[in-house]
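In what follows, a single structure is set out as structure tokens and then discussed.
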Amino acid sequence: MTAGLRTTAEPSPPEPVAADDRARVRRARRRRGWREALVFVALAAPNLALIVAFTYRPLILNVYYSTLDWTLGSDTARAVGFDNYVQFFSSSQAGDVFLTTALFTVATVVLSMGLGLLVALGLNRKVRGAGLAQATVFSPFVLSGVGVGLAWQYIFDPTVGALGAVLRGFGLDSPQWFNDETLSLVMVVLVYVWKNLGYAAVIYLAGLQSISSDVLEAAAIDGAGALRKFFKVVFPLLSPTTFFLMVTSLLNSLQAFDLIRAMTPLGRGTTTLIYDAYLRAFGGYNQAGYSAMLSTVLFVLLVVLTLVQLIVLERRVHYR
């Protein structure tokens, strides 16, 4: 009766590990942990030292300089506490600087992202020459801001500029781009958007190409038209890309300097926070402490706006 039954031997319990074996394992793990820590320190220490020396140390020194009445090149400085801050925020100049900064930032971010999305939609097609078109659109972004500014300064020149010649060919007078403060700001915004349009277009194009074709085909089967498909399917799926572009574009616009310096050296109508900081230190005012205060205000503004975007706007991002 039991001939067909198969019996299996019960596994023997593992032999207890000796105390010295456990101690040896612990020592080996401890040595491995120390080796990994030393490797990390050896690899990260040079980068950390450079960040501390060239980022955090200047930042701390800038905050300190903002409390001084100091001129560049002078061996002496007078501590004034928060007088520079009080002088700036209690003056009418603060409102003008913040307004110019806000107008420039909002206009450049909205236009570059909006037009970049439209260009990306046009480039997201399998046609001959698409690669050349993408390179052409992106190429202004990698050009020097000073070179772009000087070239466009010649184009906008009312007397010898190419734009003025075209307008005079139609019997029109060229606007005084450099004398009218409003037109100066419009001019710089247009050139900045032209230069940075390719960056937004390429990032949006990458986002469009990452959308699954199955999703678009399903929307088409459900009867969604082109506009409905874009606003109900494509644009929500691009929310991570839009959020990334909004953060980076906002930071870049607030720190835009080279283009403004090249096109409007006097800052007439284009005096943003960062450009006012430059003018105060190097533009004849001889107010290095005041310039450091403006730089500190700009840094705080950048941190606050970044935190607001990360805390408030990221909640509406749909990661797939």
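The values are calculated or read from the model by the stated rules, or taken from the named source; none is laboratory data. Just so it is clear, the model here is predicted, and its values are computed rather than measured. Every residue, glycine among them, receives a Cβ derived from its backbone with ideal geometry; neighbour counts consider all protein chains shown. With ligands, DNA and RNA removed, areas are computed over all heavy atoms of the protein, side chains included. Shrake-Rupley method; radii C 1.70, N 1.55, O 1.52, S 1.80 Å.
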Within the chain, which whole H helices from DSSP have a Cα span along their axis of at least 27 Å and a mean Kyte-Doolittle hydropathy of 1.6 or more, if any?
92-123, 288-311
Residue 179 and residue 91 label points (each 7 Å along its Cα→Cβ direction) are spaced in nm at 2.7
Which residue fluctuates most in the GNM of the chain (Cα springs below 10 Å): 151, 206, 23?
23
Amide H within-cut-off set for residue 68, under 5 Å, with H built and near neighbours excluded
80
Most positive-pole-ward Cα, 156, 109, 86, against dipole of the chain from beta carbon charges
109
Once you sort the root eigenvalues of the Cα gyration tensor of region 42-146 as a ≥ b ≥ c, which label holds: rounded (a/c under 1.5), prolate (a/b larger than b/c) or oblate (the other case)?
oblate
Here the Kirkwood hydrodynamic radius of the chain, Cα-based and in Å, equals 25.0
Given a Förster distance of 51 Å, the FRET efficiency implied by the Cβ-Cβ spacing of residue 142 and residue 218, rounded to the nearest 0.05, works out to 0.85
Taking the chain and dividing mean pair separation by its residue count, relative contact order in percent (alpha carbons under 8 Å, at least six apart):
26
Please work out the average accessible area per residue across region 197-295, using the 1.4 Å probe convention, and give it in Å².
44
In whole angstrom, how far apart do the alpha carbon centroids of region 91-152 and region 244-266 sit?
10
With a Förster distance of 41 angstrom and the Cβ-Cβ distance between residue 48 and residue 20, calculated FRET efficiency to the nearest 0.05 equals 0.55
Counting helices only, and only those DSSP H runs with n ≥ 4, report the 222 nm mean residue ellipticity of the chain as the sum of -39,500 (n - 2.57) divided by its residues, in deg cm²/dmol to the nearest 500.
-21000 deg cm²/dmol
Calculate the spin-label point distance for residue 167 paired with residue 28, positioning each point 7 Å from the Cα along the beta-carbon direction, and give it in nanometres.
8.1
In region 198-320, what is the volume of the convex hull around the alpha carbon atoms, normalised per residue and reported in Å³?
123
Classify region 107-242 as rounded, prolate or oblate from the Cα gyration tensor: take a ≥ b ≥ c as the square roots of its eigenvalues, call it rounded if a/c is under 1.5, otherwise prolate when a/b beats b/c and oblate if not.
prolate
For region 136-266, the accessible surface attributable to carbon and sulfur atoms (probe 1.4 angstrom, ligands and nucleic acids excluded) amounts in percent to 67
Between residue 133 and residue 155, what is the label-to-label distance in nm when each label sits 7 Å out along the Cα-to-Cβ direction?
2.1
